[in-house]
Every structure is written in structure tokens, then in C-alpha cells.
1. Once you have the Cα-Cα distance between His31 and Val55, take 0.36 nm times their residue separation minus that, and quote the gain in nm to one decimal.
2. Quick one: compute the contact order of the chain, relative version, from alpha carbon pairs under 8 angstrom and 6+ residues apart, as a percent.
3. Once ligands and nucleic acids are excluded and a 1.4 Å probe is used, how much of His68 is accessible, expressed in Å² to the nearest 10?
4. Can you give the angle from 0 to 90° between the axis of helix 49-64 and the longest principal axis of the chain, with both taken from C-alpha atoms, to the nearest 10?
5. Over the chain, give the accessible area per residue in Å² for a 1.4 Å probe, as an integer.
6. What value, in deg cm²/dmol to 500, does the helix sum -39500 (n - 2.57) over DSSP H runs of n ≥ 4 give at 222 nm once divided by the residues of the chain?
7. Within the chain, which is the longest segment that contains none of the GluC sites (Glu not before Pro) sitting in a DSSP loop with at most 12 other Cβ atoms within 10 Å?
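The values are calculated or read from the model by the stated rules, or taken from the named source; none is laboratory data. All values reported here derive from a predicted model rather than from experimental measurement. Cβ: placed from backbone, ideal geometry, glycine included. Neighbour counts: every protein chain shown. Note: accessible area is taken over every heavy atom of the protein model, side chains too, but ligands, DNA and RNA are not part of it. Shrake-Rupley method; radii C 1.70, N 1.55, O 1.52, S 1.80 Å.
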Amino acid sequence: MEFLLHVVWTDLGWLAGDTAVNVACWCETDHATHDVDAIRLVVGEVPSLPEAFRVGSERLTGWLADAHDADHWRAKVGLPPRCTY
């Protein structure tokens, strides 16, 4: 499980702040990972990159106060639980 906060380029060439909880995939088809509760704040839709980063940081802080168990996050979006065999 990872908590992500990073700056990316959008397909249209705009900067965006991406924030997500990232969990390992336990699906029948291995997708490697899944972003859970992800947000993307595109500069131009929010006033500035620092504002996008601030909002993402606040969201991240909230997530850190929540459960630190990846299965909790998987269950929130209907992903399969961790494989135990």
C-alpha cells in the first residue's frame, strides 16, 4: 500500500496534482496495482499548482488518519481481498 502525491502532465499538456491510495492487485487478472480514492486537480481548473498540491496534501493527511490496512481500502472500492494461499 502506498499513499501518492505527485505532479503529472495531463494528455492535453496541463500540469496536475494527483493524489491516491495505491494498493497491490489481487484480481484474477494481475493489474499490478490499483489507485483507490484518487483525485486529479488540473491547473486551470484550480487556481494554481500550489493550490492543487495543498488540496492533495490535505486529502493525504486525512487518509493517513484512516486505516493502514490495504484490505480496508480494497473493500471500499470492491476489489478482491489479499490472497492468503
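1. Numbers: separation 24, 0.36 × 24 = 8.64 nm, distance 2.82 nm.
This chain segment gains 5.8 nm when fully extended.
2. Numbers: 126 pairs, mean separation 24.2, N = 85.
Relative contact order comes out at 28 percent.
3. Solvent-accessible area, nearest 10 Å²: 130 Å².
4. Helix 49-64 and the main axis of the chain meet at about 30 degrees.
5. Details: 5530 Å² over 85 residues.
Averaged over the residues of the chain, the accessible area is 65 Å².
6. Numbers: 2 runs with 23 residues, N = 85.
So the calculated ellipticity at 222 nm is -8500 deg cm²/dmol.
7. With GluC sites (Glu not before Pro) excluded where exposed in loops, the chain gives 46-85 as its longest stretch.
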